[in-house]
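Enquirer: Have a look at this one.
What follows draws every value from the coordinates through simple rules; no lab data is involved. Everything numeric here is computed off the predicted structure, so don't read it as measured data. We place every Cβ from the backbone using ideal geometry, glycine too, and count neighbours over all the protein chains shown.
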Amino acid sequence: MNRYEILFVIAAALEDDRKEAIIETVKGIISDGGGEVIDVDNQGIKKLAYPILKKNEGHYVLINFNAPTELPKELDRRLRISDDVVRHIIINKDEK
């Protein structure tokens, strides 16, 4: 298993319970795919560097996790089709 880090931005206009549901969904995708969540850093609402989809703020969440090599591809696919996730990036922490 490799170490990964995912940073995703949720639309700031959503209700708090919906934001928590999205975070739990991402953690569930990791767990169901054979991965293990190490740390969740809920960073809250921050100003975006530039407007995305006419939004100026987003709710930032950083998750560190261990997972098999095929899991990030599935996680990327699922977050790409989500309307509530504005942007995301997955980084392999083991690569130099």
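Enquirer: Based on the Cβ-Cβ distance of Asn56 and Asp83, what FRET efficiency does E = 1/(1 + (r/R0)^6) give at R0 = 22 Å, to the nearest 0.05? Working shown, then result.
Expert: Values: r = 18 Å, r/R0 = 0.81.
After rounding, the FRET efficiency stands at 0.80.
Enquirer: Return the sequence-ordered ³J(HN,Hα) values of region 54-68 in whole Hz as given by the Karplus equation 6.51 cos²θ - 1.76 cosθ + 1.60 applied to θ = phi - 60°, using x for Gly and Pro.
Expert: Per-residue couplings from phi come out as 6, 10, 9, 10, x, 9, 8, 9, 10, 10, 9, 7, 9, 7, x Hz.
Enquirer: Under 8 Å for C-alpha pairs, at least 6 residues apart: give me the relative contact order for region 2-92, rounded to a whole percent.
Expert: Working: 151 pairs, mean separation 43.1, N = 91.
Result for region 2-92 is 47 percent.
Enquirer: Going 7 Å from the Cα of Lys93 along its beta-carbon direction, which residues of region 46-68 have the amide nitrogen within less than 19 Å of the resulting point?
Expert: 60-68
Enquirer: Expressed as an acute angle from 0 to 90° and rounded to the nearest 10, what is the orientation of the C-alpha long axis of helix 71-80 relative to the principal long axis of the chain?
Expert: 20 degrees
Enquirer: Same structure again: Taking only pairs that are 8 or more places apart or on different chains, how many Lys pairs in the chain have Cα atoms under 27 angstrom apart?
Expert: The number of close lysine pairs in the chain is 22.
Enquirer: Applying the Karplus parametrisation 6.51 cos²θ - 1.76 cosθ + 1.60 with θ = phi - 60° to the phi angles of region 41-50, what ³J(HN,Hα) value in whole Hz is obtained for each residue in order, glycine and proline being reported as x?
Expert: Using θ = phi - 60°, the values come out as 10, 7, 8, x, 7, 9, 6, 6, 5, 8 Hz.
Enquirer: Okay, moving on. Enter the angle in degrees (range 0 to 90, nearest 10) between the Cα long axis of helix 16-32 and the first principal axis of the Cα atoms of the chain, meaning the one along which they spread out most.
Expert: 20 degrees
Enquirer: So how strong a dipole does the chain carry about its Cα centre when Lys and Arg Cβ are +1 and Asp and Glu Cβ are -1, to the nearest 20 debye? Mind dumping the intermediate values first?
Expert: Working: 15 positive and 18 negative charges, 101 e Å.
The calculated dipole for the chain is roughly 480 debye.
Enquirer: Between rounded, prolate and oblate, where does region 2-92 land on the alpha carbon gyration tensor, with a ≥ b ≥ c its root eigenvalues, rounded for a/c under 1.5, else prolate if a/b exceeds b/c?
Expert: On the way: a/c = 1.88, a/b = 1.76, b/c = 1.07.
In terms of gyration-tensor shape, prolate.
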